[in-house]
1. Report those strands (runs of 3 or more DSSP E) wholly inside region 207-265 carrying at least 1 residues which are in contact (Cβ under 8 Å) with a residue 24 or more places away in the chain and within 18 Å of residue 191 (Cα to Cα).
2. Here is a list of conditions, (1) surrounded by 15 or more Cβ atoms within 10 Å (Cβ to Cβ); (2) free of Cβ contacts under 8 Å to residues at least 60 places away in the same chain, and residue 105 meets all of them except one; can you say which number that is?
3. Which fully enclosed helices (runs of 4 or more DSSP H) of region 17-133 have 2 or more residues being within 16 Å of the ligand (Cβ to nearest atom)?
4. If you scan region 156-167, which residues turn out to be within 15 Å of the ligand (Cβ to nearest atom) and more than 12 Å from residue 72 (Cβ to Cβ)?
5. Out of curiosity, is residue 201 in a helix (DSSP H, G or I), at pLDDT 95 or above and either away from the ligand (no atom under 14 Å from the Cβ) or more than 14 Å from residue 158 (Cα to Cα) (or both)?
6. Can you find even one residue in region 199-215 that is touching a strand residue (DSSP E or B) at 6+ places or on another chain (Cβ under 8 Å) and farther than 23 Å from residue 150 by Cα?
7. Pull up region 170-196, narrow it to residues that are in contact (Cβ under 8 Å) with a residue 40 or more places away in the chain and within 14 Å of the ligand (Cβ to nearest atom), then point me to the one that is farthest from residue 88 (Cα to Cα).
Ligand SMILES: [Mg+2]
């Protein structure tokens with residue numbers, strides 16, 4: 001099945017073009033290794049414990065509905081500074097973040113029987129540094145963008161905190177010039193899957209919904225939002241996830257380069 005008559009391709013950023021989950025995983029591994037050497041715990045167990053504690057803590061804050069709406073996950077909270085964004089919730093997050101990081105790591109250690117807030121604080125500082133060292137991008141990202149550039153308008157539609165998403169992009173600066181527009185939910189004020197941010201994207205592109213395609217890895221944001229406004233959706237399912245029939249992508253690909261076959265005329 002081919003996709004015809006499109007003028008613009010809208011891309012999600014994290015885990016569609018940037019290999020964010022690997023960057024996060026490697027940052028956890030490096031930090032947990034240091035934690036293990038200092039305390040004798042198992043690094044794998046420490047990672048699991050910290051992820052669990054971070055998630056629970058993050059969900060307990062009054063900012064949780066906002067972070068969910070904008071699309072900022074607990075592990076982004078472990079390295080984000082939240083210095084930008086106009087909404088007052090960003091200022092709350094900016095204040096919460098240092099304590100959140102420290103507490104998540106300290107509680108993770110404590111869950112494994114290590115009561116050491118000093119080590120928790122040290123690991124809380126190490127994790128953001130480890131993440132910042134790893135701005136990983138998929139091998140195929142640039143091949144795909146090179147093939148599309150000039151043939152389609154390209155727009156980046158990403159959920160997240162403005163300064164963090166910009167920092168991720170700054171880690172791979174070659175990515176930025178490919179895009180005619182970059183829209184970050186924390187700047188716009190509402191995140192995917194809200195129809196408003198998709199309509200805003202179409203307005204910026206100056207196209208109707210049926211002239212664009214949305215490419216993303218997440219059914220509940222990228223695909224649902226595109227479907228809602230009547231834009232063709234392409235689900236990048238790299239890990240063979242099984243979907244139910246609640247959110248049905250127009251197309252499913254296992255590798256980003258398959259997008260070029262779909263678009264080939
Ligand atoms: Mg994504």
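1. 212-216
2. For residue 105, the failing item is (2).
3. In region 17-133, 20-39, 64-70, 74-77 are the helices (runs of 4 or more DSSP H) which contain 2 or more residues that are within 16 Å of the ligand (Cβ to nearest atom).
4. Listed by number, the residues that qualify are 156, 157.
5. yes
6. Taking every residue of region 199-215 in turn, none turns out to be touching a strand residue (DSSP E or B) at 6+ places or on another chain (Cβ under 8 Å) and farther than 23 Å from residue 150 by Cα.
7. Filtering region 170-196 for residues that are in contact (Cβ under 8 Å) with a residue 40 or more places away in the chain and within 14 Å of the ligand (Cβ to nearest atom), the one farthest from residue 88 (Cα to Cα) comes out as 192.
The values are calculated or read from the model by the stated rules, or taken from the named source; none is laboratory data. All of these numbers come straight from a predicted model, not from anything done at the bench. All Cβ positions, glycine included, derive from the backbone under ideal geometry; neighbour counts span all protein chains shown.
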